[in-house]
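Visitor: Below you'll find the structure I mean.
The values are calculated or read from the model by the stated rules, or taken from the named source; none is laboratory data. As the structure is a computational prediction, the values presented were derived from the model and not from experiment. Cβ atoms come from the backbone with ideal geometry, glycine included; neighbour counts cover every protein chain shown. Heavy atoms of the whole protein, side chains included, go into the accessibility calculation; ligands, DNA and RNA do not. Shrake-Rupley method; radii C 1.70, N 1.55, O 1.52, S 1.80 Å.
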Amino acid sequence: MGRQGSRGWWQSCGTEGGLALSGIRESRGCRFPAGFLTTLIVCLVVLLSCHLLLFAQTLHYAKRPNVRNGEKVYKGGCIACHGSEGKGAPATSTVFLRPDTWPDFTDCAGTTPEPNGNWKAVIVHGGPSRGLSQIMPAFGDLLTDEEINDVIAYMRGFCKNVHHDPLGELNLPRALVTEKAFPENEIVISTAASASGAPAWTTDVIDERTIIDARTQLETDVPVNYADQAHNWTAGFGDITLALKREMFSSLRTGSILSLQGGILLPTGDNKRGFGAGTTQFEPFAAFDQLFKTNTFLQTQLGADLPVDTSVAPRSMFWRVAVGQAMAPDHMLGRLFSPMVEFLAVRDFKPGTSTDWDVLPEMQITVSRRQHVRVGFGVREPFTNTAGRTPQVLFYLLWDRADGKLWNGWR
Amino acid sequence: MRLRWGSAVVLGLAVIALPATLRGQSQTENAKGDKTPPGTVFRTSERCVACHNGLKTSSGEDISIGFEWSASIMANASRDPYWQGSVRRESMDHPESKQAIEDECSICHMPAVRLADRDAGRHTQVFSRFPLQKFPNGDRAAADGVTCSVCHQIEKTGLGTDTTFVGNVVIAKPVQNDLRPEYGPFDIDKGHQTVMHSSTATYFPARGDHMRDAGLCGSCHTLYTSALGPKGEKLAKFPEQMPFQEWQHSDYATKQTCQDCHMPVVNEAVAVTAVYGPPREGMHRHVFVGSNFVMEGMLQDHRDELATEAQP
């Protein structure tokens with residue numbers, strides 16, 4: 001979108017070579033700096049070594065969950081507070097004052113985006129482990145791992161979802177630039193700053209929310225630029241983006257999710273100061289994410305920026321890939337760490353231009369107990385057509401507002 | 001080039017080191033919930049009854065501890081308008097002894113408040129807590145009467161002797177910061193100990209056979225009242241209410257405890273918790289049956305004025 005993912009005002013376009021989407025080695029006219037391969041190897045080794053060090057993110061079961069046994073487990077204990085229908089037992093029986101976070105397991109919109117791992121963490125360690133109510137006990141010493149998996153499988157049945165909304169397991173860690181396919185309900189403040197050359201940065205305030213249903217997302221992105229231009233600091237809005245995303249396909253069985261998005265970048269930025277394109281742009285793209293059993297994940301995005309006035313801004317195509325590994329201590333029930341590497345390509349539809357390639361090693365970490373507040377950080381480095389394109393330091397703060405207020409869920 | 005190498009190395013180290021560094025600080029390991037102060041602490045009954053309701057015998061008879069206790073005179077000890085009126089009358093007649101009267105009367109009728117005050121060296125204000133309001137607006141500890149965590153935190157020290165009469169019981173001290181024993185008559189497995197400790201953020205259930213000792217009841221059901229002089233000095237004490245001593249001197253003392261009659265035993269193995277409770281032989285119902293049916297009628301007839309919480 002119009003955030004750090006699109007070609008920013010701080011970048012200059014490549015001028016030669018051909019579009020090479022089939023492999024980075026094939027980018028005609030691009031010579032990879034020696035450091036790139038080393039960086040790539042380091043990142044891949046890091047990803048693989050981390051995988052060996054920690055446990056897997058998604059809950060993989062030694063045996064398939066037994067829903068019938070899960071029902072037995074539920075009715076043996078959970079039912080006392082959560083009731084036979086998953087909406088909560090009568091308040092006259094439970095008596096305690098229900099917290100704001102009291103769950104209604106029949107509420108598909110609330111439960112479907114929650115991965116099983118979140119539920120398991122609360123069952124094993126109790127509500128406070130995820131910043132929820134103390135009244136939810138810890139069952140880790142009372143129920144076996146299998147029993148907990150079984151009861152989660154049974155509780156999933158309370159949501160009678162006929163729309164097949166995408167499951168929370170497919171909500172992969174957000175990359176700094178590559179857009180994921182999962183429709184979100186979050187606010188992100190994302191900043192990219194020049195790591196060398198003239199000081200400058202752009203901060204995007206991004207609001208993503210599902211509308212109509214859980215498969216459709218409305219995105220609003222307001223960029224604010226701040227730059228030292230010829231030793232004069234200047235600031236201003238960039239091109240505001242409005243976009244609609246629609247999940248087209250998702251399957252937990254295959255670990256795949258595909259979405260299409262159409263966006264419009266309004267010419268709200270001052271192009272004379274380099275804060276905008278100077279013309280309205282349309283930005284369609286497809287996003288496809290793949291989660292593997294090892295909790296390695298791949299996020300891909302293919303799209304184009306199509307300005308109305310091509311004399312002001314060229315048409316361009318972009319291709320982005322993020323590969324990462326989700327991992328966490330305590331059998332994936334603790335704080336989540338997601339190292340990733342993004343490979344970012346953009347090419348103008350102009351004769352004689354080549355593809356600009358960037359590499360972006362990064363890390364996302366959950367910071368709140370509830371895991372609804374996360375940070376991501378990384379360094380984006382051009383490695384082709386580097387003239388005039390400077391490295392950037394990127395950072396974002398993410399608040400998944402569907403999981404509660406920003407100030408809740410920290411202790 | 002230098003920057004590329006540098007950033008790759010820094011990020012690589014961060015990727016490797018950060019998870020390992022923070023591994024020992026997982027959310028779950030730090031999730032202890034509220035810390036409780038070192039003094040005497042009573043969680044109120046709403047922390048207990050959700051797990052101790054929904055109990056039935058094999059024939060379907062409801063023996064829920066929470067429901068039965070909430071309808072008993074024990075749960076309504078501070079709601080009892082006769083008691084409230086008596087304390088008011090005494091205080092008006094003897095204004096110079098008002099504080100001593102409130103302290104003495106509240107220790108058994110509003111024990112979760114008074115025992116905490118006593119152990120903290122404070123006096124207890126009874127009337128500032130009236131009228132009792134329904135949860136969550138009112139003073140829950142005051143409204144709870146003889147609540148779960150009062151009886152089940154009493155230590156066996158001195159039970160059945162002068163030292164614990166007039167409600168002067170010893171309340172269990174925390175063995176760690178937020179780890180306080182809560183006694184029951186059964187052996188408790190670790191799983192249930194964790195469940196209870198995590199949801200109350202303080203109590204862990206432990207076996208205490210003194211829960212079935214008549215002396216436990218005798219601590220409050222022995223009331224020696226001291227006559228006070230004009231300056232509050234104790235002149236003499238006289239036995240005002242002596243049910244425990246009457247029992248001791250009766251034929252029942254060698255046959256049945258207080259609990260045997262007032263908390264009738266369930267004649268089959270039943271769960272005492274609705275949360276994966278194993279069947280227990282000899283569970284006593286928390287009906288605290290007595291002859292004060294007049295009071296129960298008043299609690300029912302004047303539910304709003306008395307903020308009665310028991311189900312009709």
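Visitor: Within region A:373-386, count every residue that is in a loop (DSSP other than H, G, I, E, B) and at pLDDT 95 or above.
Guide: 0
Visitor: Oh, and also: Looking at region A:102-115, which of the residues that are open to solvent by 30 Å² or more (accessible area, probe 1.4 Å) and in contact with a helix residue (DSSP H, G or I) (Cβ under 8 Å, 6 or more places away or on another chain) is farthest from B:Glu309 (Cα to Cα)?
Guide: The residue in question is A:Pro113.
Visitor: Moving on. So B:Gly229 passes all but one of these: (1) away from every other protein chain (no Cβ under 14 Å); (2) open to solvent by 40 Å² or more (accessible area, probe 1.4 Å); (3) at pLDDT below 95. Which condition number does it fail?
Guide: Here B:Gly229 clears every test but (2).
Visitor: Answer yes or no: is there a residue in region A:80-88 that is farther than 20 Å from A:Pro329 by Cβ, of a type in the set (S, T, N, Q) and within 14 Å of chain B (Cβ to nearest Cβ).
Guide: Taking every residue of region A:80-88 in turn, at least one turns out to be farther than 20 Å from A:Pro329 by Cβ, of a type in the set (S, T, N, Q) and within 14 Å of chain B (Cβ to nearest Cβ).
Visitor: Further question: Residues that are within 18 Å of A:Glu186 (Cβ to Cβ) and open to solvent by 50 Å² or more (accessible area, probe 1.4 Å): which strands (runs of 3 or more DSSP E) entirely in region A:208-261 hold 2 or more of them?
Guide: Output list reads A:241-251.
Visitor: Just one of A:Arg389, A:Arg370, A:Arg411 is assigned to a loop (DSSP other than H, G, I, E, B), within 12 Å of chain B (Cβ to nearest Cβ), touching a residue at least 12 places away in the same chain (Cβ under 8 Å) and open to solvent by less than 30 Å² (accessible area, probe 1.4 Å); which is it?
Guide: Sole residue among the options that is assigned to a loop (DSSP other than H, G, I, E, B), within 12 Å of chain B (Cβ to nearest Cβ), touching a residue at least 12 places away in the same chain (Cβ under 8 Å) and open to solvent by less than 30 Å² (accessible area, probe 1.4 Å): A:Arg370.
Visitor: Is it the case that some residue within region A:265-279 is part of a strand (DSSP E or B) and surrounded by fewer than 22 Cβ atoms within 10 Å (Cβ to Cβ)? Walk me through it before giving the result.
Guide: From region A:265-279, those part of a strand (DSSP E or B) are A:265; that's our starting set.
Cutting the leftovers down to surrounded by fewer than 22 Cβ atoms within 10 Å (Cβ to Cβ) gives us none.
No, region A:265-279 contains no residue that is part of a strand (DSSP E or B) and surrounded by fewer than 22 Cβ atoms within 10 Å (Cβ to Cβ).
Visitor: Among all residue pairs at least 6 apart or on different chains, which show Cβ distances below 7 Å where the first residue, located in region B:150-161, is free of Cβ contacts under 8 Å to residues at least 60 places away in the same chain and the second is aromatic (Phe, Trp, Tyr)?
Guide: Matching pairs, first to second residue: B:His152/B:Tyr183.
Per-residue answers, yes or no, for (1) within 26 Å of A:Gly255 (Cα to Cα); (2) out of contact with any strand residue (DSSP E or B) (no Cβ under 6 Å at 6 or more places or on another chain):
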{"site": "A:Lys160", "(1), (2)": "yes, yes"}
{"site": "A:Pro173", "(1), (2)": "yes, no"}
{"site": "A:Val188", "(1), (2)": "yes, no"}
{"site": "A:Ala195", "(1), (2)": "no, no"}
{"site": "A:Asp204", "(1), (2)": "no, no"}
{"site": "A:Asp221", "(1), (2)": "no, no"}
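Visitor: When residues of region A:309-329 are filtered for being within 14 Å of another protein chain (Cβ to nearest Cβ) and open to solvent by 10 Å² or more (accessible area, probe 1.4 Å), how many remain?
Guide: Looking only at that region, the number is 1.
Visitor: Can we say B:Ser219 is within 22 Å of B:Asp80 (Cα to Cα), open to solvent by less than 30 Å² (accessible area, probe 1.4 Å) and not β-branched (Val, Ile, Thr)?
Guide: yes
Visitor: Turning to a different aspect of this structure: Here's a check for you: in region A:290-308, which residue that is of a type in the set (S, T, N, Q) and open to solvent by less than 10 Å² (accessible area, probe 1.4 Å) is farthest from A:Thr386 (Cα to Cα)?
Guide: A:Asn295
Visitor: A further question follows. Does region B:174-190 include one or more residues that are assigned to a loop (DSSP other than H, G, I, E, B), free of Cβ contacts under 8 Å to residues at least 12 places away in the same chain, more than 14 Å from chain A (Cβ to nearest Cβ) and open to solvent by 60 Å² or more (accessible area, probe 1.4 Å)?
Guide: There is at least one residue in region B:174-190 that is assigned to a loop (DSSP other than H, G, I, E, B), free of Cβ contacts under 8 Å to residues at least 12 places away in the same chain, more than 14 Å from chain A (Cβ to nearest Cβ) and open to solvent by 60 Å² or more (accessible area, probe 1.4 Å).
Visitor: For A:Asp141, are the conditions met, namely being touching a helix residue (DSSP H, G or I) at 6+ places or on another chain (Cβ under 6 Å), open to solvent by 20 Å² or more (accessible area, probe 1.4 Å), charged (D, E, K, R) and at pLDDT 95 or above?
Guide: When the stated conditions are applied, A:Asp141 passes them.
Visitor: What do you reckon, is B:Leu132 open to solvent by 10 Å² or more (accessible area, probe 1.4 Å) and modelled with pLDDT under 95?
Guide: yes
Visitor: Sticking with this one: Here are some residues: B:Thr202, B:Thr163. Which one is of a type outside the set (Asp, Glu) and surrounded by fewer than 20 Cβ atoms within 10 Å (Cβ to Cβ)? Outline the logic, then answer.
Guide: On the way: B:Thr202 fails: surrounded by fewer than 20 Cβ atoms within 10 Å (Cβ to Cβ).
Exactly one of B:Thr202, B:Thr163 is of a type outside the set (Asp, Glu) and surrounded by fewer than 20 Cβ atoms within 10 Å (Cβ to Cβ), namely B:Thr163.
Visitor: Now a separate question. Which residue is nearest to the other protein chains (Cβ to nearest Cβ), if the candidates are limited to region A:346-365 and must be out of contact with any Pro (no Cβ under 9 Å at 6 or more places or on another chain) and open to solvent by less than 10 Å² (accessible area, probe 1.4 Å)?
Guide: A:Leu360
Visitor: Confirm whether A:Asp403 is without any contact (Cβ under 8 Å) to a residue 40 or more places away in the chain, surrounded by 21 or more Cβ atoms within 10 Å (Cβ to Cβ), within 30 Å of A:Asp100 (Cβ to Cβ) and in contact with a Lys or Arg (Cβ under 8 Å, 6 or more places away or on another chain). Outline the logic, then answer.
Guide: Values: without any contact (Cβ under 8 Å) to a residue 40 or more places away in the chain: yes; surrounded by 21 or more Cβ atoms within 10 Å (Cβ to Cβ): yes; within 30 Å of A:Asp100 (Cβ to Cβ): yes; in contact with a Lys or Arg (Cβ under 8 Å, 6 or more places away or on another chain): yes.
Yes: the conditions hold for A:Asp403.
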